[in-house]
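Here the structure is laid out as structure tokens; the discussion comes afterwards.
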Amino acid sequence: MFKKIVVLMIVTLVGLGCEGGDLNLTVTFDDIQGLKSNDGVIFETNPIGRVDEITYTQDGNYRVRLMIEKAFRNAATEHARFFIVPDPQNMERKAVKMIQVRDGGQPLQNNAVVEGSSKSSAIFERLEKDIEKGIGDFEKQFDKFADELKKIPESEAYKELEKTLADLYDEMKRSGKEVREKIQREILPRLEQELENLKKRFQEKGKENELKPLEINMEELRKI
């Protein structure tokens, strides 16, 4: 009997230790964009953990195992979103970035499985919440996005912009009038400028016609 009690105490203590220690999460992605084990996890500008393991599943997606350090586990809530970005400390590598689209929320449990986002969909989701509160840091986020586009190859920049336009289309379709108007007024002109910048890069290689699909997508956004 005494032995059983000791075992139960040990199990309980281990469980409590895990609960207050580092946080382990699994994030699913359709595309990992070159992400590898031991790449970083960042929150705002802080390195907060690492990628422990990446597994390709029978469902055709990737399960990315993350370790988030104890000091930052409270930032990982139900309102956290995870997406893949170039590592700001080493642009040749990737990192998983975590942002919060709204304050509060229940903390994620150890070993939870969450769905990953694209960078643009996460930022647009947070933008909608910021509009509701009358604030926003979209300009800062977009400046980072534009800077990253300049540093990656044309083919990757095309895919990133294509995904951004698709996410923005979905956001505008489901958003209220105030959000749509803000997007039309503040976001579309910036995206149009980035499309022009990318077009110049393609023109230098005689490939400007390859951007026609993006120009069509941009026109569809203007009509919403």
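The values are calculated or read from the model by the stated rules, or taken from the named source; none is laboratory data. As the structure is a computational prediction, the values presented were derived from the model and not from experiment. Heads up, the Cβs are rebuilt from the backbone with ideal geometry, glycines too, and the neighbour counts pull from every protein chain shown.
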- Task: Considering (1) of a type outside the set (Val, Ile, Thr); (2) modelled with pLDDT of 90 or more; (3) under 17 Å from the mean Cα position of the chain (by Cα); (4) under 15 Å from Thr45 (Cα atoms), say which one Glu69 fails and leave the rest.
- Result: (3)
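Does Ile84 satisfy the condition of being β-branched (Val, Ile, Thr) and under 27 Å from Gly104 (Cα atoms)?
On the way: β-branched (Val, Ile, Thr): yes; under 27 Å from Gly104 (Cα atoms): yes.
It is true that Ile84 is β-branched (Val, Ile, Thr) and under 27 Å from Gly104 (Cα atoms).
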- When the residues of the stretch 174-198 are filtered to those that are among the charged types (D, E, K, R) and crowded, with 16+ Cβ neighbours inside 10 Å, which remaining residue is modelled with the lowest pLDDT? Lys182
- Looking only at the stretch 28-56, which residues are closer than 11 Å to Ile68 by Cβ, under 12 Å from the mean Cα position of the chain (by Cα) and among the β-branched types (Val, Ile, Thr)? Val41, Ile42
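Listed residues Ala76, Ala80, Ala112; which is touching a Pro at 6+ places or on another chain (Cβ under 7 Å), aliphatic (A, V, I, L, M) and either at pLDDT 90 or above or in the same structural domain as Phe145 (by TED's automatic domain parsing) (or both)? Even if it seems obvious, please write down each step before you answer.
Values: Ala80 fails: touching a Pro at 6+ places or on another chain (Cβ under 7 Å); Ala112 fails: touching a Pro at 6+ places or on another chain (Cβ under 7 Å).
From the options Ala76, Ala80, Ala112, the qualifying one is Ala76.
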- Query: From the residues in the stretch 6-56 that are within 16 Å of Lys119 (Cα to Cα) and hydroxyl-bearing (Ser, Thr, Tyr), which one is modelled with the highest pLDDT?
  - Reply: Thr28
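Condition test on Glu162, is it closer than 24 Å to Ile32 by Cα and surrounded by 11 or more Cβ atoms within 10 Å (Cβ to Cβ)? Give the steps one after another, and end with the answer.
On the way: closer than 24 Å to Ile32 by Cα: yes; surrounded by 11 or more Cβ atoms within 10 Å (Cβ to Cβ): yes.
Considered against the rule, which asks whether it is closer than 24 Å to Ile32 by Cα and surrounded by 11 or more Cβ atoms within 10 Å (Cβ to Cβ), Glu162 comes out as yes.
Hey, among Asp52, Asp87, Asp59, Asp39, which residue is exposed (fewer than 14 other Cβ atoms within 10 Å of the Cβ) and either of a type outside the set (Val, Ile, Thr) or without any contact (Cβ under 8 Å) to a residue 12 or more places away in the chain (or both)? Break it down into steps so the answer makes sense when it comes.
On the way: Asp52 fails: exposed (fewer than 14 other Cβ atoms within 10 Å of the Cβ); Asp87 fails: exposed (fewer than 14 other Cβ atoms within 10 Å of the Cβ); Asp39 fails: exposed (fewer than 14 other Cβ atoms within 10 Å of the Cβ).
Among Asp52, Asp87, Asp59, Asp39, only Asp59 is exposed (fewer than 14 other Cβ atoms within 10 Å of the Cβ) and either of a type outside the set (Val, Ile, Thr) or without any contact (Cβ under 8 Å) to a residue 12 or more places away in the chain (or both).
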